[in-house]
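Everything below concerns the one structure shown next.
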Amino acid sequence: MTPVRARPVTAENFARYGRVYDLADDADPNAIWTQGDGWADGFTRTPLIDGSGHLGMTRGGSAPWPCTAMERHPQTEEALFCAGEPIVLAVAAASKADAPHRDEIEAFVIAPGQVVVMHRNVWHDACRGATRPTPYYWMAICGLGESPWIPVAGGPRQVEVKSETAA
């Protein structure tokens, strides 16, 4: 099977999995923009996730990698955002299936300044750096029970990034 190639995340191409905010360009209509002497910022119009989330950091490896297992969260949304380098997220649609299937895996590059918020039950792997091992932040409600990692049905699927997409 051919590998899945990560593409830059947009609100349109990620809509089936969740929401995307772009806080780097001062143009996202789902953010409120303010500025002062020597600074500008933006923040989401609504809370980032539905509930009082916990902030965490994962230290991920780098692309390419074989996506062998995924997890999902039935009781919380999960937000992912970069610490400074682009990251790659592999996902499969939320379903009632006992495992994600390799043929349904898609991958997205999340750039610094972007935030993705996955809907509940979206299958996902841990993110990896687009070009090198990279830490990233996540926000979700923790303590809601076990979130087991489930092997990908059909076997692993290689996740790759085109070099111009990783920059």
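Points to keep in mind about this one:
- Residues with amide H under 5 Å from that of Met70, placed H, sequence gap 5 or more: Ile150, Val152
- Stokes-Einstein D (µm²/s) once Rh is taken as the Kirkwood radius of the stretch 4-166 over alpha-carbon pairs, at 37 °C in 0.692 mPa s: 204
- The stretch 102-167-the stretch 11-28 distance, computed between alpha-carbon centres (Å): 16
- FRET efficiency estimate (nearest 0.05) - Cβ-Cβ, Ala24 to Asp98, R0 35 angstrom: 0.40
- Radius 9 Å from Cβ of Pro3, net charge of other residues (Lys, Arg +1; Asp, Glu -1): +1
- Residues whose amide H lies under 5 Å from that of Gly113, counting only those 5 or more places away or on a different chain, are Cys82; hydrogens are built 1.01 Å from N in the peptide plane.
- HN-Hα J in Hz across the stretch 68-81 - Karplus 6.51, -1.76, 1.60, θ = phi - 60°, x for Gly and Pro: 9, 8, 9, 10, 8, 10, x, 10, 7, 6, 9, 9, 10, 8
Laboratory data are not the source of any read-out in this text; all were calculated from the coordinates shown. Computed from a prediction, not measured in an experiment: that's the story for all the values here. All Cβ positions, glycine included, derive from the backbone under ideal geometry; neighbour counts span all protein chains shown.
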